[in-house]
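What follows is a single structure, written as structure tokens, with notes after it.
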Amino acid sequence: MENKIENAVKLGQVSDQVRSKHKGFSQWDSYSSRRDHDTILQIVIDGRDPINATDNEGCALPTLVYLAREKRPQYHHNFKAGAMNALIRVSSYISNGKLLLNVDCDMYSNNSLAIRDTLCFLMDEEKGHELAFVQFPQNFKNLTKNELYASLRVINEVEAHGVDGYGGPLYVGTGCFHRRDTLCGRKFSKDSKSDMKWDNRKREELGIHELEENTKGLASCTFEENTQWGKEMGLKYGCPVEDIITGLSIHCRGWKSVYCNPAREAFLGLAPATLPHILVQHKRWSEGNFHIFLSKYSPAWYAYGKIRLGHQLGYLRYSLWASNCLATLVYSTLPSLYLLRGTSLFPQMSSPWLIPFAYVIIGKYTWSFVEFLWCDGTILGWWNEQRIWLYQRTSSYLFAFIDTILFSIGYSNSAFVITAKVADEDVSKRYEKEIMEFGASSPMITILATFALLNLCCFAGFVLEEAIAGSKGIAKAYETMSLQVLLCGVLILINLPLYQGLYLRKDKGKMPSSVAYKSMVIAVFSCVCFKLSY
């Protein structure tokens, strides 16, 4: 198959030999580009056919349909949400199953009992009629032992279970079973039934060709015009994280959801294998969530009075990811700069006001460490998570915050950025060895390198001045600036992979020379200017 695809790309067309074996290729004659083509639909397996729809052992096979919805340059295709809504409409005409499962293209089923577990929830005699969807955690099969780029471990094992107690988890766009009618806008009522039976003889009188032709119009560019699709029906449009806003609207219509986290992961996917890719992924997530916060669908006011307060706060916790960049930027730059200037920003060691700071620092990181180990993480994995926590908030979240503000005032357009998951052999080998991959130059990598060098320059300048001042200077620094020294020192330790990528590594995954020069110039210039402005 790979060879056939490569040959078709080289030729610019499907060869006659291949075309004669697969009738579906005839539908690609109208194909101009991936954003300009007719609806392409083929029923590959017709589950209604008791003779041909069987495997080698004679067991019945389900209906299998291939769909590529129509796309035209003059029509907005609404990214993943538009694709999902087209699939919902087409499947409703062909099979109309009451239960819908959606997974990302890089994910596969790892637990055959997942659908049984789902039906147990949805068909429960007491609470099943209240549930709109069953959400499974988003797990990855290619994580390294110590999770080099962190993971969703704490979210999956702690936070999702917590919000489950207030009305159900958020819809995260993959590994989720939906009731068809609730996804299509049905409101909750106490009289709702959890019956999951449906007529499997739908469209029995139509042949395959006729069924295909009758269904194509449902995936056309113009079908949704002057309809409620993307508004009150299906996944909502206008947001990079269409899953979160869709789940919120379902919860606000009175429905609940449930979180299912079996011991054997239900679905597994691929995590990004480079630092730039993980930063881009989190930029899209945080930007989309902040976009929701500033929109009419903000959990702060849209959900007010419709869901429980704890549930509302659970949504807000993710909606405000991007704004976390502000506090993180302050704490990762100003204390170091003022350390270089010799100005204390925190209470002295002998001051009782040091106690609140010590309580927050010790309490926060002790609890975080214990929580991570309780979730079966490793010590080094926890340290890697602290590093990625810092990197996300000083790059991904910062750019997401700026882009969302610019979008809100009309200076830019929102875009859906697909995260690359496939890595070449060299990248994969370094990833398996837990060597951080920086790759090509990017603004987010540049800003990380700049902040890392800024902290290093400030710490080096401070140590040099104190060494010149002698023992009295060291004693004074210990009394007045211990917390700043500690903070700056921890930031330097966290950024060790950045320093290695800038100056020590020789492989292709190192920092580009342009990033090293730019970040060094900006960091040194900032330190000199701040020092001289005193």
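The packing ranking of peptides 347-353, 56-62, 156-162, highest mean first, is 156-162, 347-353, 56-62, where packing means the average number of other beta carbon atoms within 10 angstrom of each residue.
Note that the stretch 95-239, at 37 °C in a medium of 0.692 mPa s, gets a Stokes-Einstein diffusion coefficient of 181 µm²/s from its Kirkwood radius over C-alpha pairs.
Of the residues 146, 214, 160, the one whose Cα sits farthest toward the positive end of the charge dipole of the stretch 109-252, with +1 on the Cβ of Lys and Arg and -1 on the Cβ of Asp and Glu, is 146. Restricting the calculation to Cα atoms, the chain shows an Rg/Rh of 1.03 when the hydrodynamic-style radius is the Kirkwood one. Charges were assigned to the Cβ only: +1 to each Lys and Arg, -1 to each Asp and Glu. The resulting dipole of the chain about its Cα centre is roughly 1140 debye. Ordering 314, 276, 326 by the projection of their Cα atoms onto the charge dipole of the stretch 252-328, which places +1 on the Cβ of Lys and Arg and -1 on the Cβ of Asp and Glu, puts 314 at the extreme positive end.
Which residues' amide hydrogens lie under 5 Å from the amide hydrogen of residue 99, considering only partners 5 or more residues apart or on another chain, with H built in the peptide plane? When sequence neighbours closer than 5 places are left aside, the close amide H contacts are 180.
When only the heavy atoms of the protein chains count and the probe is 1.4 Å, how do 492, 362 rank by accessible area, highest first?
Values: 492 25, 362 110 Å².
Highest to lowest solvent-accessible surface, that is 362, 492.
Residue 242 sits with roughly 10 Å² accessible to a 1.4 Å probe, with DNA, RNA and ligands left out of the calculation. Counting only Cα atoms, the stretch 259-305 measures 37, 31, 9 Å along its principal axes, largest extent leading. Derived value for the stretch 330-399: Kirkwood hydrodynamic radius 14.5 Å. Basis is the mean of 1/r over every pair of different alpha-carbon atoms. For the listed peptides 379-385, 366-372, a ranking on the average number of other beta carbons within 10 Å per residue, highest first, reads 379-385, 366-372. Residues within the reach of a label modelled at residue 465 (point 7 angstrom out along Cα to beta-carbon, backbone nitrogen below 18 Å), restricted to the stretch 501-533, are 523-533.
How large is the accessible surface per residue of the stretch 241-314, computed with a 1.4 Å probe and reported in Å² as a whole number?
Here the residues of the stretch 241-314 average 34 Å² of exposed surface.
Go through 145/531; 283/506; 71/296; 4/216; 80/296 and tell me which ones have a Cα-Cα distance over 32 Å in this structure.
Numbers: 145/531 43 Å; 283/506 29 Å; 71/296 29 Å; 4/216 26 Å; 80/296 21 Å.
Among 145/531; 283/506; 71/296; 4/216; 80/296, the Cα-Cα distance tops 32 Å for 145/531.
The portion of the accessible surface of the stretch 26-116 made up by carbon and sulfur, rounded to a whole percent, is 53 (1.4 Å probe; DNA, RNA and ligands excluded). Model label sites at residue 295 and residue 61, defined 7 Å from Cα along the beta-carbon direction, differ in position by 3.9 nm.
The values are calculated or read from the model by the stated rules, or taken from the named source; none is laboratory data. Because the structure is a prediction, the values reported are computed rather than measured. All Cβ positions, even for glycine, are placed from backbone atoms using ideal geometry, and neighbour counts span all protein chains on display. The protein model used for the area step is the full one, side chains on, heavy atoms only, and it has no ligands, DNA or RNA in it. Shrake-Rupley method; radii C 1.70, N 1.55, O 1.52, S 1.80 Å.
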